[in-house]
1. Based on this model, can you work out whether B:TYR66 counts as in contact with a Lys or Arg (Cβ under 9 Å, 6 or more places away or on another chain), crowded, with 21+ Cβ neighbours inside 10 Å and without any contact (Cβ under 8 Å) to a residue 60 or more places away in the chain?
2. Test A:SER31 against the criterion of being at pLDDT below 95 and either in contact with a Phe, Trp or Tyr (Cβ under 6 Å, 6 or more places away or on another chain) or surrounded by 17 or more Cβ atoms within 10 Å (Cβ to Cβ) (or both), and give yes or no.
3. Going by the conditions given, is B:GLU63 under 17 Å from B:THR110 (Cβ atoms) and not hydrophobic (A, V, I, L, M, F, W, C)?
4. Considering every residue within region B:19-31, establish whether at least one is modelled with pLDDT under 95, facing another protein chain (nearest Cβ under 10 Å), in a strand (DSSP E or B) and surrounded by 14 or more Cβ atoms within 10 Å (Cβ to Cβ).
5. When the residues of region B:78-107 are filtered to those that are modelled with pLDDT under 95 and surrounded by fewer than 17 Cβ atoms within 10 Å (Cβ to Cβ), which remaining residue is nearest to A:ASN30 (Cα to Cα)?
Amino acid sequence: NAGVTQTPKFQVLKTGQSMTLQCAQDMNHNSMYWYRQDPGMGLRLIYYSASEGTTDKGEVPNGYNVSRLNKREFSLRLESAAPSQTSVYFCASSQMTDPLGGYTFGSGTRLTVV
Amino acid sequence: GNSVTQMEGPVTLSEEAFLTINCTYTATGYPSLFWYVQYPGEGLQLLLKATKADDKGSNKGFEATYRKETTSFHLEKGSVQVSDSAVYFCALRPIQGAQKLVFGQGTRLTINP
């Protein structure tokens with residue numbers, strides 16, 4: 001019962017490098033989300049996908065792109081990493097047809113940009 | 001708009017103390033309410049939830065009651081343990097619209113032996 005799986009768990013990038021964070025869920029959820037969490041603890045929504053084939057911007061989309069590859073997978077891409085993107089990134093999923101339900105989170109990717 | 005306000009941390013208590021973490025919300029209609037817990041180095045886990053007024057969510061000795069009249073969902077535990085040290089997030093999920101979770105800022109709790 002994996003839930004939401006994120007890869008990699010840790011990554012160090014140099015400024016200007018690109019990378020893709022992977023997320024996959026096995027709960028047949030419609031909706032998926034990418035958050036970042038910075039020191040000070042709050043979560044900020046980067047992008048979300050309400051259903052397969054759709055993506056929308058959240059609070060802090062600049063510098064990121066996303067792809068909803070299929071119902072299971074939702075990736076986050078940093079095209080040209082900047083030190084300001086040093087953060088912990090969390091993927092989450094939920095069932096859109098269950099508005100009373102919560103989100104299931106992955107264990108996070110800890111990204112450092114030097 | 002929808003928003004969640006939590007008491008500011010950090011909160012430090014001794015083992016076996018009584019815990020309250022305050023959470024109030026602003027929302028249209030009757031949202032679902034949640035508490036999530038984040039242990040060091042981990043992702044967020046659902047701790048408990050309540051989906052209508054006067055519901056009480058409970059789990060692992062924690063409780064929270066959905067109070068419509070005060071728009072609150074305070075988290076309580078009668079006797080905390082060192083293992084309860086974590087960051088706690090209050091959140092709401094609107095019934096209408098995009099239904100995205102709205103999180104509070106989180107409260108860091110440290111329990112000393």
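1. Taking the combined requirement at face value, the residue satisfies it.
2. yes
3. On the way: under 17 Å from B:THR110 (Cβ atoms): no; not hydrophobic (A, V, I, L, M, F, W, C): yes.
So B:GLU63 fails the test.
4. Looking through region B:19-31, none of the residues is modelled with pLDDT under 95, facing another protein chain (nearest Cβ under 10 Å), in a strand (DSSP E or B) and surrounded by 14 or more Cβ atoms within 10 Å (Cβ to Cβ).
5. The extreme case among them is B:ALA98.
The values are calculated or read from the model by the stated rules, or taken from the named source; none is laboratory data. Just so we're clear, the structure is a prediction, and the values are computed from it rather than from any experiment. FYI the Cβ positions are ideal-geometry reconstructions off the backbone, even for glycines, and counts take in every protein chain you see.
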